[in-house]
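Chemist: I'd like to ask some things about the structure below.
The values are calculated or read from the model by the stated rules, or taken from the named source; none is laboratory data. This structure is a prediction, so every number in the text was calculated from the model and none was measured. Cβ atoms come from the backbone with ideal geometry, glycine included; neighbour counts cover every protein chain shown. Just the protein is used for accessible areas: all its heavy atoms, side chains included, with ligands, DNA and RNA removed. Shrake-Rupley method; radii C 1.70, N 1.55, O 1.52, S 1.80 Å.
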Amino acid sequence: MKKLLALIVIASVLTVLVSCGNAAVYDNVREYVEDNADSFTKTVESFKESGIELKISSEGDNVLIYEAKYPSHVSDESAALFRKSVEGMDKTAYVEMAKTISEAVAVDDVSVVVRYLNDDGSVICEMKVNKDTDPTAVTEESFDSLEDYVESDEIKAAVKAYADKLKDVAECEVTSEGDTLVYTIKYLEQIDESRLAEYRESIEKAAASQEKDTFDAIIMMKKIIRNIEDPSVAYRYLNADGTLITEIKY
């Protein structure tokens, strides 16, 4: 899913955007983008190797648009974490970019929009700043504790979407235990003792394939939850009778 990579992508491109301005005064942001097309094209091409499709364009006279599109699907629950991370990040580089462009164009209220798209083109989230944005202000969407985070409307909606996908096989619940975010998946039908080893192996393989996503989620938790020291994520799988099949913790 490369959620954090998107943040790195945008931050990397900022260097080009800030440095490509010159003493010329443009009538609008569109002219600014067109005049610096070569620099932007080189930057976009450099990120194709990562699989992320990056577009830099203008919207109207005074908006610069960044769009980073992912090659694989970002799940609802992961998208929720990603949105919170973006909302809580330091926006200094983006504000400086808006200031640079404001000095180069002859229009007021220049804004920079950073937009993240899923593989199907739907918007995961977007951030908008201008030269007067306070880059270090604490977002209202950050949380005082992991418990507050789990109880937020957005996370509840994401969990419901995930649970709906599993509804024919298992029940899903997300809770907090200290600094640990716990996903509890309980099968609807009892798994026979003779098949438990097979299920454990399958679960562990699936968890290994999503390991990077999980560590990305832990990093994001550090960003958006203020009073958390050592966050972790646990996946707890229960049989229909409530007995533990396996638990994987990061």
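Chemist: At a Förster radius of 35 Å, what calculated FRET efficiency corresponds to the Cβ-Cβ distance of E193 and K160, to the nearest 0.05?
Modeler: Values: r = 32 Å, r/R0 = 0.92.
For E193 and K160, the calculated efficiency is 0.65.
Chemist: Could you name the lysines whose alpha carbon sits less than 24 Å from that of K160, not counting residues in the same chain fewer than 8 places away?
Modeler: Here the lysines satisfying the reach criterion relative to K160 are K2, K3, K84, K186, K212, K222, K223, K249.
Chemist: Within the stretch 214-250, list the residues whose amide N lies under 11 Å from a label point set 7 Å along Cα→Cβ of T180.
Modeler: Residues passing the 11 Å test: 232-236, 247-250.
Chemist: Say each of S39 and S202 gets a label point 7 Å from the Cα, pointing the same way as Cα to Cβ; how far apart are those two points in nm?
Modeler: Modelled inter-label distance: 5.4 nm.
Chemist: Accessible area per residue of the stretch 96-243 at 1.4 Å probe, in Å²?
Modeler: On the way: 8330 Å² over 148 residues.
Ligands and nucleic acids excluded, the figure is 56 Å² per residue.
Chemist: Treating the beta-carbon of each Lys and Arg as +1 and of each Asp and Glu as -1, no other charges, what is the dipole magnitude of the chain about its Cα centre, to the nearest 20 debye? Could you put the intermediate results ahead of the total?
Modeler: On the way: 28 positive and 51 negative charges, 101 e Å.
Computed about the Cα centre, the dipole is about 480 debye.
Chemist: State the percentage of accessible surface on the chain attributable to carbon and sulfur atoms; use a 1.4 Å probe and exclude ligands, DNA and RNA. Before the final figure, lay out the partial values.
Modeler: Working: 5890 of 12970 Å².
The nonpolar share, carbon plus sulfur, comes to 45 percent.
Chemist: What number, in percent, do you get for the relative contact order of the chain if the mean sequence gap of Cα pairs under 8 Å and at least 6 apart is divided by its residue count? Walk me through the intermediate numbers first.
Modeler: Working: 418 pairs, mean separation 43.6, N = 250.
Over the chain, the number comes to 17 percent.
Chemist: A further question on this structure: Mind pulling the angle between the C-alpha long axis of helix 76-88 and the longest principal axis of the chain? Nearest 10 degrees, somewhere in 0 to 90.
Modeler: Relative to the chain, helix 76-88 is tipped by roughly 40 degrees.
Chemist: In sequence order, what are the phi-derived ³J(HN,Hα) couplings for the stretch 145-152 according to the Karplus relation 6.51 cos²θ - 1.76 cosθ + 1.60 with θ = phi - 60°, rounded to whole Hz, with x for glycine and proline?
Modeler: Whole-Hz 3J(HN,Hα) from phi for the stretch 145-152: 8, 5, 4, 4, 4, 4, 7, 5.
Chemist: Work out from phi, with θ = phi - 60° and the Karplus expression 6.51 cos²θ - 1.76 cosθ + 1.60, the ³J(HN,Hα) of each residue of the stretch 93-103, listed in order in whole Hz, and give x for Gly and Pro.
Modeler: Ordered by residue, 3J(HN,Hα) equals 4, 6, 5, 5, 5, 4, 5, 4, 5, 4, 6 Hz.
Chemist: Quick check: residue separation of K128 and S46 times 0.36 nm, minus the Cα distance between them. What number comes out in nm?
Modeler: Numbers: separation 82, 0.36 × 82 = 29.52 nm, distance 2.42 nm.
Length gained between K128 and S46: 27.1 nm.
Chemist: List the residues, sorted by chain then number, that are 5 or more residues from T246 or on another chain and whose placed amide H is less than 5 Å from its amide H.
Modeler: Residues meeting the amide H criterion: Y237.
Chemist: Continuing with the same structure: Calculate, for D27 and L244, the FRET efficiency according to 1/(1 + (r/R0)^6) with r their C-beta to C-beta distance and R0 41 Å; round to the nearest 0.05.
Modeler: Values: r = 66 Å, r/R0 = 1.61.
Efficiency for this residue pair is about 0.05.
Chemist: So for the pair D168, S145, with labels modelled 7 Å out along Cα→Cβ, what separation do we get in nm?
Modeler: A separation of 4.0 nm, rounded to one decimal place.
Chemist: How far is helix 211-224 tilted, in degrees, relative to the longest principal axis of the Cα atoms in the chain, given as a value from 0 to 90 rounded to the nearest 10?
Modeler: 60
Chemist: Which of the following values of volume of the Cα convex hull per residue in Å³ was calculated from the structure shown: [x] 126; [y] 163; [z] 148?
Modeler: Checking each listed value against the structure points to [x].
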